[in-house]
Amino acid sequence: MARQRVAVLLGGRSGEHEVSVVSARSVMAALDPERWEVVPIGIAKSGAWLSPGETRAELEAGARAFEGSGTPVLRANEALEALDSCAVAFPLIHGTNGEDGTLQGFLEIAGKPYAGAGVAASAIGMDKALMKALFREAGIPVARYSVIRSWEYTLAQNDSMGLIDTAIGYPCFVKPANGGSSVGITKARSREDLPGAFAAAFAYDDKAVVEQAVIGREVECSVLGNEHPEASVAGEIVPDREFYDYDSKYASGSATELRIPAPITESAAKDIRDLALRMYRVMGCEGYARVDFFLTSGDRVVANEVNTIPGFTSISMYPKLWEASGLSYTPLLTRILELAFERHERRARR
Ligand SMILES: Nc1ncnc2c1ncn2[C@@H]1O[C@H](COP(=O)(O)OP(=O)(O)O)[C@@H](O)[C@H]1O
Ligand SMILES: [Mg+2]
């Protein structure tokens, strides 16, 4: 098969910029060189786009982030022409303007095939309030939760806290609706913790989701496919602290463990795979996504969230679960890009 150009989009405006750069470095190193020619396009923290030359220079200099460089996108001719010259795009940007449907919308407008979830599934996956509402509507078990806006909280703090006292209880998790990598998330043990927890969440979004704490293990499953998605074996995360916060995810000293496959019963593993596929379909995901759960001591499975652009280094959960299911990193990347073409062609036939 002829070699095709793939635009790897990396960096971006969110707090997960550095995580994206780490994932993209691994992906670029692992993409099959016989099949793909990599064209890296960095997006700075400001949102400005770097040309492939500038991106490569920064990466070769060991940059962990694209700081001040780049050109505002509508004037970033070199980057846009490079994107135009590619057969397919691989967005590896987490959070704002990368994972939330906006970049996907831009690629739709450009008519460019791209890896992963489309506009609506991406937008839903980035909004924990919308995602939970959709799951609840579909009869998928989720933790008890409420949604509180920053202005409601400012106007009536006591009402907001009273709602949590009665409808949710403690401990609870207070999260920005649009977030990732546990940024802005606090475990509140009592009413006294709420003001600090809301301040932390509202620093990232005007909308907070407050959730009853589920007592259980954290289990994840990788899903791959368009119309006929498949689920991988399940894996367990064992955080080295109170919960799976930013440092336990990324700090170099973190002792968080990934257990693959998860040491759970065959029937719990089957429930997880079945529910992962249901959640993927309900959201309308395509391409790939990682689906996260809690598993209680009674083997009850509770949905946590779907990540449409999960961490993607060679030691990240998403590719590791496929490797344990018989699909290694390099062919997995090729499959994800083939799925991008398949969706594009299917839709072009309409
Ligand atoms: N309802 C909950 N019960 C127990 N732990 C939770 C709950 N919600 C979040 N957590 C903990 O916080 C972490 C991050 O929350 P999550 O909703 O997955 O946000 P993110 O999108 O930032 O990963 C989870 O992996 C888990 O450790
Ligand atoms: Mg999570």
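Each reported figure results from applying straightforward, stated rules to the coordinates on display, with no laboratory input. All values reported here derive from a predicted model rather than from experimental measurement. We place every Cβ from the backbone using ideal geometry, glycine too, and count neighbours over all the protein chains shown.
Of note:
- Here the gap between residue 165 and residue 206, fully extended at 0.36 nm per residue and compared with their Cα-Cα distance, gives a gain of 12.7 nm.
- Pairs from 249/270; 45/270; 112/270; 132/320; 45/128 whose Cα-Cα separation, in the structure shown, is over 29 Å: 45/270; 112/270
- If you take the Cα centroid of the stretch 8-76 and the Cα centroid of the stretch 304-345, the two points sit 19 Å apart.
- Fewest-first sequence of 49, 322 by Cβ atoms within 10 Å of each Cβ: 322, 49
- Euclidean distance of C-alpha centroids, the stretch 87-116 and the stretch 123-184, integer Å: 27
- Protection proxy ranking for 274-285, 251-262, 78-89, using the average of other Cβ atoms within 10 Å per residue and placing the highest first: 274-285, 78-89, 251-262.
- If R0 equals 35 Å, the separation of the Cβ atoms of residue 149 and residue 189 corresponds to a calculated FRET efficiency of about 0.90.
- Largest to smallest principal axis extent of the C-alpha atoms in the chain, angstrom: 60, 47, 46
- Ordered by the count of other Cβ atoms within 10 Å of each Cβ, fewest first, 67, 54, 345, 323 give 345, 67, 323, 54.
- Counting only alpha carbon atoms, the long axis of helix 128-137 and the longest principal axis of the chain meet at about 70°.
- Look at the alpha carbon pairs under 8 Å that are at least 6 residues apart: their mean separation over the length of the stretch 217-348 gives a relative contact order of 28 percent.
- Sorting 296-305, 108-117 by average packing, meaning the other beta carbons within 10 Å per residue, from highest down gives 108-117, 296-305.
- Across the chain, C-alpha contacts under 8 Å between residues 6 or more apart give a mean separation that, scaled by the residue count, equals a relative contact order of 18 percent.
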